Each structure stands twice: as C-alpha cells, then as structure tokens.
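Undergrad: First the structure, then my questions, so here it is.
The values are calculated or read from the model by the stated rules, or taken from the named source; none is laboratory data. Every value quoted in this text rests on a predicted model; they were computed, and no experiment measured them. All Cβ positions, glycine included, derive from the backbone under ideal geometry; neighbour counts span all protein chains shown. For the accessible areas, the whole protein counts, side chains as well, though only heavy atoms, and no ligand, DNA or RNA atoms are used. Shrake-Rupley method; radii C 1.70, N 1.55, O 1.52, S 1.80 Å.
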Amino acid sequence: MSGETKAASTSFKPIAAGTRIGHVHLKVADLDRALGFYQDVLGFELMQRYGDQAAFISAGGYHHHIGLNTWHSKGGRPPPEGTTGLFHTAILYPTRAALADALHRVLSAGITLDGASDHGVSEALYLRDPDENGVELYRDRPEAEWPRHPDGTLAMFTHRLDVEALLREREA
C-alpha cells in the first residue's frame, strides 16, 4: 500500500458503541517537570512511579489515565513544526464548574492558553504542557443541547469561548 490508505468498503462494521480511549502515554524530556504540570497544576494523582523513567497518573484512582515516560526522550526536544505526531491529548471534565476550576489552576500557574473555543457540543481550552505537547481541557454539553441541522446531523462550529464567564462559573 506504500503509505496510502485503502478506500473504506461500504460494508464495514462500525466499532462497538461502548469503546473508549482509556489512556495516553506521553514522551517527556524531564519527568519531574511533567509531573509539576500534570499533578501540581491540573491535579492528577500519582499512582505509580518508576524512578526518573516513568510515572502513571489518574483522576479518581483509576490505574492511569496518563503515562509519562522518558524511555526514548530524556533530555529531548519537542518535534519541529511540520512533522507528524500527536496533535493534543484531550482531558474531559465532568461539569462546567470543574472546567472552570481547571482554567483557574492553569492561569494561576502562569500558563498561557493557545485558544478557547465553544464548539456547540463542547467547550474547550487549548494549551501546551512543558514538553510542548498539545493539551485540550474540555467539557461536553448534554447531547440534548448539541446543535443540529434540520436533518438531525451535528452542526458543530468553532466560536470564541468567553473565558471570563467560564471563570465566574467556578465562583458560582
């Protein structure tokens, strides 16, 4: 196939509806620095650590949502622009107030947002971790509130998210 993707058959069977992406492993240059961001800023809990090589962190006691490792990247640099790789890791918050708290934590740590968007189906904050990995912090709206076209298909969009209004949600 030499790098090309074969056209999908019209008789494909879709993946099971309950399928989820369970965790992500990120290559980092400095484990302590990465933990400073994911643990100290975002609030993930350390579940297991293997010296300066790897750490596994979670929300709510799960074995791990994020693996951080230096196995092939210790002291390394982020990939240059124009290369392939992971665009971002998306972290789903259960409520708008929880997303507002995440925004407060990020801003209090002096981290600059790359963007903040309302997609109709979700509200999202975009930033970078210390290794320049893209990170999306978001919350989904209830499905009943998703924008739809007259034929019932999704009508997602990208509008500017009012971060000040989101921060007020934290205080409410």
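Undergrad: With every protein chain in place, what's the accessible area of Ile15 (1.4 Å probe, Å², nearest 10)?
TA: Roughly 130 Å² of Ile15 is accessible to a 1.4 Å probe.
Undergrad: Relative contact order (percent) for the chain, with alpha-carbon contacts under 8 angstrom and 6 or more residues of separation? Mind dumping the intermediate values first?
TA: Details: 269 pairs, mean separation 31.9, N = 172.
Over the chain, the number comes to 19 percent.
Undergrad: So how much slack lies between Ala16 and Leu92, counting 0.36 nm per residue of separation and subtracting their Cα-Cα distance, in nm?
TA: Numbers: separation 76, 0.36 × 76 = 27.36 nm, distance 2.05 nm.
Contour length minus Cα-Cα distance gives 25.3 nm.
Undergrad: What's the local net charge at Thr158, with K and R +1, D and E -1, over the other residues with C-beta under 13 Å away?
TA: Working: positive: Arg160; negative: Asp118, Glu123, Glu136.
Taking every other residue near Thr158 into account, the sum is -2.
Undergrad: Another one. Specify the inter-centroid distance of region 27-51 and region 86-138, based on alpha-carbon positions, in whole Å.
TA: First find each Cα centre; the distance between them is then 17 Å.
Undergrad: Could you put Thr70, Thr112, Thr84 in order of accessible surface area, largest first, with the 1.4 Å probe and the full protein assembly present?
TA: Working: Thr70 10, Thr112 105, Thr84 135 Å².
If we order Thr70, Thr112, Thr84 from most to least accessible, we get Thr84, Thr112, Thr70.
Undergrad: Which one is right for this structure if mean projected area of the Cα convex hull in nm² is calculated from it: [x] 8.9; [y] 13.7; [z] 14.8?
TA: Matching the structure shown: [y].
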